[in-house]
Structure formats: C-alpha cells, structure tokens
Amino acid sequence: MRKPEELLVPPENLRAEQDPSEFQFECTDELTPLAEFVGQERAVRALQFGLELEKPGYNIFVTGLTGTGKATAILEYIERAVAGRREAGASKAPDDWCYVYNFERPDEPNALRLPAAAGKRLRDGLDELLQAVRDGLRRAFSSEEYEGQRREILEGGQREAQVVMDEAQKQATKAGFLLRFSPVGMTLVPLLDGKPITPEQGAAMDVEQRQEIERRQQKTMDEMSKVAERLRALEREVTQRMRQLERRVAEAAVASLFDSIVAQNGEHPEVPQFLEQLREFTMGNVDLFRDGEQQQAAVAAMTAMGHPLPDPFGAFRCNVFVDNSQATRPPIIVEPNPTWTNLFGKIERRAYLGTYVSDHTMLKPGAVQRANGGYLILNLIDVLMKPGAWDGLKRLIRTKELRLEDPMEQFGLLAPQALRPEAIPIDLKLVVTGDPLAYFLLSANDEEFWEMFKVKADFDTQIERTPENGIAYAGFICASCEREGLRHFHRTAVAEVIEQASRMVDDQEKLSARFGQMRDLLVESDYWAAQASSDLVQGEHVERAIAERVYRLNLVEERIREMIARGVIIVDVTGSAVGQVNGLSVMDFGEYRFGRPSRITARTFMGQKGVTSIDRESQLSGRIHDKGVLILSGYLGWRYAQDKPLSLSASISFEQAYEPVEGDSASLAELCAILSSLAEAPLRQDLAMTGSINQRGQVQPIGGVNQKIEGFHDVCKAIDLTGEQGVIMPSRNRRNLMLRRDVIESVRQGRFRIYSVDSVDEAMELLTGVPAGERQPDGTYPEGTVNARVDARLRQMGETMKQFARRPGEEKPPENAGEGG
C-alpha cells in the first residue's frame, strides 16, 4: 500500500494553468478573426461531404448539445462554401418563380419559372401593358372612325329589320290584323273595317266569328314566327359584325403592344403562351377596358362566370412569388419559427361582397420556396413542435415538389374559396440541427428518416487542448470582439478564457466547444473592463466576470453552507466516528452546479438481508444509485465470504437528504462506512470522499469532482480550516482537476489536502489510520488490520447466526456428519 504522503495530489496538478507568455501576440487585435470551426474536423468533413454531394436524400442532420454555437457557425460555414463556389463559377443565383392567371381554371394559378430578375421585368411589363391597353382601347373606341363604322353597322341592321317588319305588317294587314312590335315580342290585333276591334265589338261577335278570327290569327302567327326568326338572325348578324368591328379595332390598337412584350420574353417558353392567352382574353373582353356602363357590365359578367376578382384586371397581374433579382448566389435561409405557413407559404384572403376571396396575387412564399435552389437551416425541436411541419418536410423531400396549400385543409377544416396553385419543383439542401438523442429516436422509429438525412455531422462539446487549438481559441475571441463590438483581449485574458474553457468540461486536456457560453463570458468580461475604464480586457476582468456570474447564481449554495455552519444540517469536519463518513454530491440547477457534503451513516447487524439502502426503500434513489448499492454486496461477498457464508444485514442512509439521490459516486463512501461499522474503526470526519467502486474494490472515476472538492473546502472554510481537512477522490479523476485558485492556495499553504486513491483499502487507511491488510496465502489477514477486524466480525456473526438457528438443547453436529454412507 502507498503511504498517505504518496496519495496527496500536489498543488501544481490541481489546475492546468495557461502561461500567457506562450502566446506570440500581445492582444487579440493582432490576430486574424477565426472563420472556421475550432477542433471539429469530424463535423466539418461531414458538412463538406453533405454540401457537395448533390444526390437525393443527402440532407444533413447536425447533432451536438446546445451551446456549441453550431447554428451560427453552420450558417457562416455554408456562406463561405457558397462564396467559394461562386468565385470558382460553380454557383449562380436561383430562378424566379411567378404565379399568373389561369384562363382555363381560374382557381388553379399557373407557375412560371424565369431566370433571376426576369420575374420583375415580366411584372412591370404586364403593368405597363395593361395601362397601354386601356389607353389604346379607350382612344380607339372613342374615335370618330369607330363611331362611324359602328353607326353604319347599326343603321344598316335597322334598315334591313325595318324592311322585314314592313313586309310583315303588310302580310298581317292583308290577313286582317294589326301587327304590333314590343320588347317582349309581336302581337296581332284583329281589324274590323280597318280599325282594331274594341272589347265591346269582340263581345258582340258570335262564336263562329270569333273562331274564324282565331283561325286566321293562328295562321298569321305561324307566318310571323318566321319573321321573328328573321329579325333575330338580323340581330345576330349585327352583333357579329359589331364584334368583328370591335376585334379589328382592338387588334389594331393593341397588336403592337402584345407583339412587343412577347418579343421581350420570347426566350422563356412558358411566357409567350400565357401572353397569347392574355391577348385572347383582351380581345374577348374589350368592354372591360372601357369606361362607364360597358365596364360594369363586363365585370358583372365575369363574376357570374365564376371569376369573382376584386381586381377586374387580375389577368394582367403577375405575382413575383420568389424574387431573386438581388441574389448573386444560392439562398441560405434560417427559419427560426417553422410553422406550416412560415415553411410552406400561405394563401391570403380579403373580404369581398360579404365573403372571402383570393386570387393568384395573394399567394405568399414560405422559407422552403425562398430557399429553393439553395439551403434551408432548421432546428429539429422547433419543427416537431409545429403541427404538420415534420410531415410536410418529409413529403417535400419525397416528392421534390411543393403545392401551396391552406393549413386548414391539412387539418380537415373547411377553407373558404380554396385555391390550388400549380406545384413548384423544389431542389434544396436541408440542414437540421438537433441533439444526439433526437437523432437516435428518429432513426430508430421513423422509417423515412434514413432516406431523408443520409449525412450526420456530429459536433463535439469538447476539443483537445493543444497549442494549435489555443491559438484558434484566441482567433475565436478576436472574431467575437469584432462581431459583438467588444474590447480586444490581452493575452492574460485569453489565458483565463482558455483555463475557464477547460474548467467547463472538467478536463485539463480538453476545451469546451460550447462557444455560445464562451461568447457570454467574453461579453461579461468586456463589461467589467468598461467598469474599470480599461482599453483592453485583462485577465482580472475575466476572473471578475466568472466570480460575478457565480455570485448571481449561488444563493442556494450559500444558504446550504450557512445551515451546515450553524449546525442545522449536521456535517462534522473534525473528529472521528464509527460507521459515519462525509460523502460528496453535486446539486445541479441548470445554469449553476455546486458540491455539498452529506453525512452518510451505516449500521451493521446480524441477518441475511445484505446491504439495504434506506433511500432506496423510501423511493428516494435512482436506478444508478441502486446499482451502486448492489455492488457493495458483491464486493463484501467476494472479499470476505470465500470461506464462510455472508451473514450480514446493513443499512446505509444519506442523513438529512430529502431530495432524490442518483448516481453511484457515493458507493465508495457507503462501503467505507459499512467496513467501519463492522471493524468498529472510527473514520476521520475531516475527510470527505467521492468515488464509485466495482466488485473488486477498485475506485472508478466520477463526475463533478471539482464542484465536490470546492464544496467541501468552502464548508470547512466557513467553519474553520484546521490543516487536516481534505477530500479523497479517485486517482483516475486527476486529469479532471480544474480547481479554483483559492482552493489551490489553501492546499499550497497546507490548510487543505486532496488525496487520490485507487482502491477501497487505500481509502480506509486514510480514514482510519490503520493498515487495511492484504489477504495472505491462507486466506487470512494480518492481525489488527481493518480487513482482519471485518473478517473476524463477519465470522462471529456467522457463528452466532448458526447458534440461533439450532433448536434448544441440540448438540453441535459432528465434523463428519453427513459424510460417507
């Protein structure tokens, strides 16, 4: 066994100091701002692979805990990658997308794909065309030439109609009737002596006279029906000639206007077809472009035909749905609130004549349409929290197209006047950020997940602490100063930041990659530099920022320490006691963690129950803690029950612990308390301990070692530092030590001690001052050692149990009882 002095951790090993003189710069303003990730080669290679591979399903899922700043870093990385491709001529601005009127099915607007900036030109051209068409038609239809031709057609029709009516009047008179024309038709009035028969004359006629008149009237009406048909034909002919006249006039007025815009957009195949349909629409609805009653009648007619447009000239409107006229590279869109409409667009409506109507001009794009041809960055939790968003994304990736839909229809609700715009093909690279657990759950439970995200970029939360990464950290500080408008950092401040980065991950050989949290530290350090009127952020300003942050968050820790000092929470830091030890735990409040000592007691007695945890029986312990308790039984049986049954009942408890107990870091302390109770060996109360054990008694590393040591140090300091107090920790945690400087100073002055052990025996020797004792070849332990006393006590318990198991008066069985035949 090693001597106690050999188990002491020297002060220089309690914290990995960063020497500022190792930096080849005086201040971060001498450095180039870091534009790359720090120490994330695995994730960077995955990002590069996913961005460059243009195949279906090779979208990127970025994992890594929050606080690494990966969302901002990914955005910046993609921007740099796209900029590099642009310089190499491998990337260009994406196309515009426009929605225009569908003349065949007005509720299904057509989508047009045009080169960047062509959408605006088409929209402006159509607006100018509409104004020119209205002006041209207004002038043409108000000209004297048109009025003369129109009058000639009308008068010619009237003359032809008058000839027909005169001939019909003669036929009717010859048959004895007067022919009268009215808006509702023709009527025949019988004549008597050349004059219409009065009602009195009609009443005086006998039946035969009336029948004769009716017979002649019927025969004449049959002939007059042919006249009516001829008049209707004449009216149709006049109408047809008027339409032909209007078309000739309209074509003459606007033909050149349409020819001009068709020529301007002739290189886009879909545009000329739309413009030809628009030309036919204009020629067929010339009244729409007139002023006064003709226009009102035309609008009413369109409404009656199922085109309830608030804008009667909606056919001329071009909705530039996605405008990339200002883009010089593929779009990179970050959508922080991925609701259905924010992702996939929406169909707006407006009140019109007591209802809600919509048209193609009220279609609005979402992040998917705006990112088409580029990159879309989303947060997985945000997507999963929004109804329908995840299913919509999966359908988008599967079909490679997106149809603008009303979310009410998606959820089975009735949407007023739902449009069904033409679907737009989508080609984008989807980048989703999430945590590793979400990736695991989705890959295990969603069959389509693997087909959607074939590239995983895994960001680590810690990186190697190397000189190269130290310089990279300084470059990150420089970039943050320029981005946030902070004072630059002196190299002493950079050294403090690097040490804090190691402390955040509890590792002397690692640095934290949670750059979001590190950026907060830089901002707060800059604040304290401003308070000190310093031009640069010095090392003491970083220390002040760390201390002030702790002060803002450690109220609970101070209250617990105060209660321990006042004896409300009973923790002894002097003296010794049997079956009692100070264990160390960590209390986690999210933003702040701290260590606190707890009294752990053990009581042993005869029985067969083994080790019982009072916390477990009262349902105050977690599964990992319960496993640690069960390991104690395994160790006791392996160590002391090779030559005898283990007849033991032991109870262990965290005293004054009313919150759930989890983790196995107290198993070493619990075992020491049990061994102390069995050996009746008092344990030092000025030593607290942490560590888990396996069934062979080897001490295993645990988490939160810095907080635990500092917590006990602060309690001892609050009561009184005697110079004998300290902490026993696992040797395998020595690389995790990044203690506060005041704790290190206490160790350096001999007022506090930190021991590292590898086995239970080493811990027991420190706690009792008695040799633990190693098992000898005959299975016994040296007399007077801890293990010998434990073994003897267990043997005594076994014998006593055997005595109690016999009936009164029963003799001890012979040695060879039960042997042979």
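The values are calculated or read from the model by the stated rules, or taken from the named source; none is laboratory data. These numbers come from a predicted model, not from an experiment. Cβ coordinates were reconstructed from backbone atoms using ideal geometry, including for glycine residues, and neighbour counts include every protein chain displayed. Surface accessibility is based on the protein's heavy atoms, side chains included, excluding ligands, DNA and RNA. Shrake-Rupley method; radii C 1.70, N 1.55, O 1.52, S 1.80 Å.
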In sequence order, calculated HN-Hα J values of the stretch 314-325 (Karplus, 6.51, -1.76, 1.60; Hz; x Gly/Pro): x, 5, 8, 8, 10, 8, 6, 5, 10, 9, 10, 5
Segment Arg735-Glu54, length gained on full extension (0.36 nm per residue, minus Cα span): 240.7 nm
Accessible surface ranking that places the most exposed of Leu234, Leu34 first, with a 1.4 angstrom probe: Leu34, Leu234
Carbon and sulfur %, accessible surface of the chain computed with the full protein complex present, 1.4 Å: 49
Label-point separation, Glu482 to Met563 (7 Å along Cα→Cβ), nm: 5.1
Percent of beta bridges antiparallel (DSSP, the chain, rounded to nearest 5): 60
Gained length - Asp311 relative to Gln749, 0.36 nm times residue gap less alpha-carbon distance: 149.0 nm
Computed E for Arg230/Glu152 - FRET, C-beta separation, R0 25 angstrom, nearest 0.05: 0.75
Extended-chain gain in nm, criterion 0.36 nm per residue less alpha-carbon gap, Arg775 and Glu22: 266.0 nm
Of Lys364/Lys429; Lys386/Lys627; Lys364/Lys394; Lys627/Lys717; Lys394/Lys627; Lys92/Lys400, those spanning more than 31 Å from alpha-carbon to alpha-carbon: Lys386/Lys627; Lys627/Lys717; Lys394/Lys627
For Leu737, residues with placed amide H under 5 Å, excluding near neighbours: Gln508
Nearest-0.05 FRET efficiency for Ser143 and Gln201, computed from C-beta distance (R0 45 Å): 0.20
Trypsin sites (Lys or Arg not before Pro) within the stretch 494-576: DSSP coil, no more than 16 neighbouring Cβ in 10 Å: Arg566
Highest-first arrangement of 17-29, 669-681, 590-602, where packing means the average Cβ count within 10 Å: 669-681, 590-602, 17-29
Two-site FRET efficiency, Glu79 against Asn445, from Cβ-Cβ distance with R₀ of 41 Å, rounded to 0.05: 0.75
Cα lying deepest toward the dipole's positive end in the stretch 508-573, options Leu511, Leu536, Ile560, charges on Cβ: Ile560
Pairwise label distance in nanometres, Glu468 with Thr239, each label 7 Å out on the Cα-Cβ vector: 8.7
In order through the stretch 725-730: 3J(HN,Hα) via Karplus (6.51 cos²θ - 1.76 cosθ + 1.60), integer Hz, x for Gly, Pro: 6, x, 10, 9, 9, x
Spin-label model distance (nm) - Ser260 vs Thr800, 7 Å beyond Cα toward Cβ: 11.4
Partner aspartates and glutamates for Lys170 [C-alpha distance under 13 Å; skip if fewer than 8 residues away on the same chain]: Glu223
Accessible area per residue in Å² at 1.4 Å probe, computed on the chain: 50
